[in-house]
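Since every read-out is calculated from the coordinates, none of them should be taken as a lab result. On a predicted model such as this, the values are computed, not experimentally measured, just so you know. Cβ placement follows ideal geometry from the backbone for every residue including glycine, while neighbour counts extend to all protein chains displayed.
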Amino acid sequence: MLEVDLEYPHDLHDSHNSYPLAPSSYSKNLYRDLYGEHRKRPNTTKLIPTLENKKNYITHYRNLQLYTNLGMKITKVHRILEFHQSPWLATYIQFNTSRRQEARIDFEKKFFKLMCNSVFGKTMENLRNRVNIKLVNNESSLKKCFPAFL
């Protein structure tokens, strides 16, 4: 993963106009600037491909190779994150796929599909957004919830 500044040369704008490289997330403020106040703005950020230069753009090295091969220029490298990539779930997914193809009952087909999808979902899950709530109805339970130093 790299964090870089990218320049989109003007000579590429005509050829890349239909599908610009390096899409970026934009908030509703950009939507307001583009379309004005009279249009209803979305409440979420949107992934929008533009022909603008990119500042602090974070991308995988393979995407960056594609962007540079298609003509974008790297003007600055801010950070690089190195990691080892491997198909560590491939055998599990292949096993479930073959079992799903061999399944005779609709339940088995759905089960093996769910096994693949749930593993993918759990690997993508963001645990930082979880909230731990405990409902307490007496004082002794309340004391158990707090650390000993309080």
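Of Ser24, Ser98, Ser140, which is the most mobile in a GNM of the chain whose springs link Cα atoms less than 10 angstrom apart?
Between Ser24, Ser98, Ser140, it is Ser140 that shows the largest mean-square fluctuation.
Based only on other Cβ atoms within 10 Å, what is the fewest-to-most ordering of Phe112, Phe107, Phe95, Phe83?
On the way: Phe112 19, Phe107 9, Phe95 13, Phe83 5.
So the ranking, lowest neighbour count to highest, is Phe83, Phe107, Phe95, Phe112.
Work out how far the C-alpha atoms of segment 86-150 reach from end to end along every principal axis, then list the three figures in whole Å, largest first.
The Cα atoms of segment 86-150 stretch 57, 32, 17 Å along their principal axes.
Which of Tyr8, Tyr19 comes first, and how do the rest follow, when ranked by fewest Cβ neighbours within 10 Å? Before the final figure, lay out each step's value.
Working: Tyr8 20, Tyr19 8.
By the 10 Å Cβ count, ascending: Tyr19, Tyr8.
Can you tell me what share of the DSSP beta bridges in the chain is antiparallel? A percent to the nearest 5 is fine. Mind showing how you got there, number by number?
On the way: 13 of 13 bridges.
Approximately 100 percent, going by the DSSP bridge assignments.
Pairs of Cα atoms under 8 Å, at least six residues apart: use those to get the relative contact order of the chain, whole percent. Working shown, then result.
Numbers: 132 pairs, mean separation 43.2, N = 150.
Relative CO of the chain lands at 29 percent.
Can you pull the percent of Cα pairs in the chain with separation above 26 Å? Don't jump to the answer; show the numbers that get you there.
Values: 6790 of 11175 pairs.
More than 26 Å apart: 61 percent of the Cα pairs in the chain.
Say a site is exposed when it is one of the trypsin sites (Lys or Arg not before Pro), sits in a DSSP loop, and has at most 12 other Cβ atoms within 10 Å; what is then the longest site-free stretch of the chain?
41-103
Which of these, Pro87, Pro20, Pro49, has the largest mean-square fluctuation under a Gaussian network model of the chain (Cα springs below 10 Å)?
Largest GNM mean-square fluctuation: Pro87.
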